[in-house]
1. Based on the Cβ-Cβ distance from ASP194 to LEU91, what FRET efficiency comes out when R0 is 30 Å, to the nearest 0.05?
2. For VAL143 and ASP70, what is the calculated FRET efficiency with R₀ set at 22 Å and r taken between the beta-carbons, to the nearest 0.05?
3. Only four residue types carry charge here, +1 at the Cβ of Lys and Arg and -1 at the Cβ of Asp and Glu. Report the dipole size of segment 77-205 about the Cα centre in Debye, rounded to the nearest 20.
4. In a shell of Cβ-Cβ distance under 12 Å around ALA49, excluding ALA49 itself, what net charge do Lys and Arg (+1) and Asp and Glu (-1) give?
5. Round to a whole angstrom and tell me the spacing of the C-alpha centers of segment 1-76 and segment 148-168.
6. Work out Dmax and Rg for segment 36-170 from the C-alpha atoms and quote the Rg first, both in angstrom.
7. Can you give the longest run of the chain that contains no trypsin sites (Lys or Arg not before Pro) sitting in a DSSP loop with at most 15 other Cβ atoms inside 10 Å?
8. Excluding VAL125 itself, what net charge comes from residues whose Cβ is under 11 Å from its Cβ, given Lys and Arg +1 and Asp and Glu -1?
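Laboratory data are not the source of any read-out in this text; all were calculated from the coordinates shown. Bear in mind the structure is a predicted one, so any value in this text is a computation, not a measurement. Note: ideal-geometry Cβ built from the backbone for every residue, glycine included; neighbour counts use all protein chains shown.
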Amino acid sequence: MRPGRRLFAVADGMGGHVAGEVASALAIATLDETFDADGAGTDDTDALARNLVDAALRANERILERGRRDPATRGMGTTLTAVAFPADSYLECALAHVGDSRAYRYRRGRLELLTRDHTWVQEEVEAGRLDPSEAKRHPYANVLSRVLGLPQLDGVEARTIRLEPRDLLLLCTDGLTTMLDEEDITDVLAGDDDLYVCAAALIDAANTHGGNDNVSVVLLRPLPDDARSGSGT
Ligand code: CA
């Protein structure tokens, strides 16, 4: 979380414990550098979306380059799901993602998925070859179709999002969404106004439901002339 830059992200590394951390750290560092250089201060949300895409593409190059130099990290990758807010508002933001870390908008008791998992099973579902009910339990459920660290990265998805003052924005890794269904997440978010309490409760719930993977959560609530945020990992 970089509240000063109005920039928030999760990155979920893979490819062995150490290499995965290298990949996710490179993605976050590249995002930081990109927004240091030209992200701050703009009120153009479309420009922010382009900056997020540029940062993701640059991170992809850096991860590949590092793998070429350091064989121990070859084949590492990371997801990246990031939002950036314009200088003049918290009621809209740019969202970009690669991989299966998700963004949700929670509004008046309803949870809405804002991202599309870049997974093999999701592509099969969209092509009509796999029933959505089978996707979560499928043996290939964790196989990503897009990830930072691929020589042929098939695009970074970006969009702009509108928010209302009491909405919540949730960024999370698949450690949350493979353990909890959307109803569980909705119940937690409805249960308390405090974002730190909610973030901790989401992670606790994921661990109670199996906790097979580590979990990162960023929760944001835009307020008209103030912004509070909370997170847990
Ligand atoms: Ca994960």
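1. The calculated FRET efficiency here is 0.90.
2. 0.35
3. Charge dipole of segment 77-205: 320 debye, to the nearest 20.
4. Computed value for this residue: -3.
5. First find each Cα centre; the distance between them is then 13 Å.
6. 16.7, 49
7. The longest uninterrupted stretch comes out as 1-73.
8. Overall, the nearby charge balance is -3.
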